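Student: If you scroll down you'll find the structure; I have some questions about it.
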Amino acid sequence: MPFRKFSMVLLLAAAVMLLLPPAWAAAQVNIGIKTILASNDQQYEDPQLKGIIDELQTVFRFTAYRLLKQDHLSLGTGETGNVNLPGGRILSVTPTGNRGDRTQMALQITKQNRQIFETHIELLKRGTITVGGPRHANGYLLLNITSK
Amino acid sequence: MAWDEPTLVALLKQGHEGAFEELMQRYRQKVYLIAYGITLDPEESRDIVQEGFLKAFQNISRFEGRARLVTWLHRITVNQSLNWQRRWKRRLRWHHRPIESEEDGESIQLGTDEYQAEVLHQRREIDQAYHKALKQLPDDARTIYVLKETEGLSYAEIARILNIKKGTVSSRLFYARQRLQKALKSYRESI
Amino acid sequence: MKTTPGNPTRCDHEQLSRYHDGEATSQEIRRIEAHLPHCPDCRNMLADFDRLGHLMRSHGERALAAADTSAVMQRLLTRRQQRREAFAGWRNWFKPARLFLPVTVTVLALAIYIIPQSFKIEPHGQAPSAIINSFTGSVTSVMLFETPNTHQTIIWFKEDSTAKGENDALQKI
């Protein structure tokens, strides 16, 4: 039957497409960073953080989450991108390689040229890590970092 | 939907999806409490809840109505939990242990203005000691203790579920209490 | 078994356990109630049984609060629904004309990368979003968490607020 043969050809094409590595996945690492202020001085859930707050609330017990800023970095391996954070802090992100479906990267937070925190992680592609909590204003900073 | 038990059972036997949902809604917490009390593993307990209800739905035709529905669910849950204990199912789990390791999956109140380190620390100590003491009890003693203390079942009900004598329930329960008492002696005033 | 001075009734702690549970016989109840006013040990033991029971219930309730059994229920209902739907339409898929359209749509979707973007590992059993290989810094404490639903990794650290900030903790996990 012609329909069946055509369907088989289409299925074969689909299988080939799935097996070929996507071309754009090789070079650049796209990273999204949301800087969130979490506090207990009020009741507020920033609508731009829908979906994130539910997940954070499984660990934290803050009553207010506010998105302060959003940044995007597109970095090659070994290239460092910087994001200014409140309180004179800077977040530096450096992809260092790949391992399977994880991107290896170094995250560093500095303040007035002094290193506060550094960690080396392997982040799942399309995965998110949240780093907190430097003190700021009446609450704490949460950095929600996603590999896109 | 507030079906009485005979109606619920009849609907379950007909394969009514709403009845299945009602069954889970009514008893999922009880089932979890029993599974967790026996296995002391939150993830496995969730699996046991899921599998337990599936099993209940698959075997509802065998439920004759001589005991209460909840007793029947108790039996299924206890058997599944004890089977898990016996099999000692090992799964590869990615597990980050926090520096201050906690065993019961409790969320810590971070960043609150009323954070009282001392109180939280002591509470966690007692909890960990209790969890450890529970784990060290033999499976049968822990099962009986859980059924008594979380579900408030009578000795006769427990004996029926586990297919043992009432006298055995009494002695194993007392044994569990003695062991727990001994393990938590130093925290006595704080409990 | 021990005898307390001034009171011939012996302590029987297993009997006391039955009394605590409302399972003692009437004769046992009479004996115990005559004995209790004279025996602080037995009174303390009864209080201990109560305390231990309370601990068990609050331990279980804390575990239950963290468990999200409604998600388990939802997963189960979804699974059953999917099975029913898959079973209900299977006969129709044998007609070639019907097979053509969904296959074409599937391939088109693949061609614009819907499947790679939406192919997500099921939450249950997924690895954590991030593996932490090392951390260092001027911190007084670090805690690692993994959220129960999506296994998102969370690092929480407390900055060292001393002036020099030289409290350097290098940890390798």
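Student: What spacing in nm lies between the two simple spin-label points modelled at B:Y187 and B:K13, each 7 Å away from Cα in the Cβ direction?
Tutor: Result for the modelled spin labels: 4.7 nm.
Student: Let me ask another. Residues with amide H under 5 Å of A:H136's amide H, sequence separation 5 or more or different chain, H placed in the peptide plane at 1.01 Å from N; which?
Tutor: A:L141
Student: In the structure displayed, which of A:K34/A:K148; B:K135/B:K165; A:K111/A:K148; B:K30/B:K165 lie more than 21 Å apart, Cα to Cα?
Tutor: B:K135/B:K165; A:K111/A:K148; B:K30/B:K165
Student: If we count other beta carbons within 10 Å of each Cβ, what is the order of C:E146, B:E17, fewest first?
Tutor: Result, fewest neighbours first: B:E17, C:E146.
Student: Right, something else. Report the FRET efficiency, 1/(1 + (r/R0)^6), for C:H38 and B:A129, where r is their Cβ-Cβ distance and R0 is 30 Å, rounded to 0.05.
Tutor: 0.40
Student: For a paramagnetic label modelled at 7 Å from the Cα of B:Q25 toward its Cβ, which residues of the stretch B:42-77 fall within the zone defined by backbone nitrogen distances under 19 Å?
Tutor: It comes to B:50, B:53-54, B:57, B:69-70, nothing else.
Student: Taking amide H positions as placed 1.01 Å from N in the peptide plane, with prolines and chain starts having none, which residues 5 or more places from C:V139, or on another chain, fall under 5 Å of its amide H?
Tutor: For C:V139, the qualifying residues are C:D160, C:A169.
Student: In nm, what is the difference between 0.36 nm times the number of residues separating B:V70 and B:I164 and their Cα-Cα distance?
Tutor: Gain on stretching B:V70 to B:I164: 32.0 nm.
Student: DSSP loop (so not H, G, I, E, B), at most 12 other Cβ within 10 Å: list which trypsin sites (Lys or Arg not before Pro) in the stretch B:1-93 pass both filters.
Tutor: B:R66, B:R68, B:K89, B:R90, B:R91, B:R93
Student: Mind listing the long-range amide H neighbours of A:E45? Cut-off is under 5 Å, sequence gap 5 or more, other chains count too, H placed in the peptide plane at 1.01 Å from N.
Tutor: Answer set, sorted by chain and number: A:Y65.
Student: Then there is this: Given a Förster radius of 25 Å and the C-beta distance between B:L54 and B:E5 as r, what FRET efficiency does 1/(1 + (r/R0)^6) yield to the nearest 0.05?
Tutor: It comes out at approximately 0.75.
We did not get these values from a lab; they are worked out from the coordinates using the rules stated. Please read all numbers here as calculations on a predicted model, not as lab measurements. Positions of Cβ are generated from backbone atoms using ideal geometry, with glycine treated the same way; all protein chains shown enter the neighbour counts.
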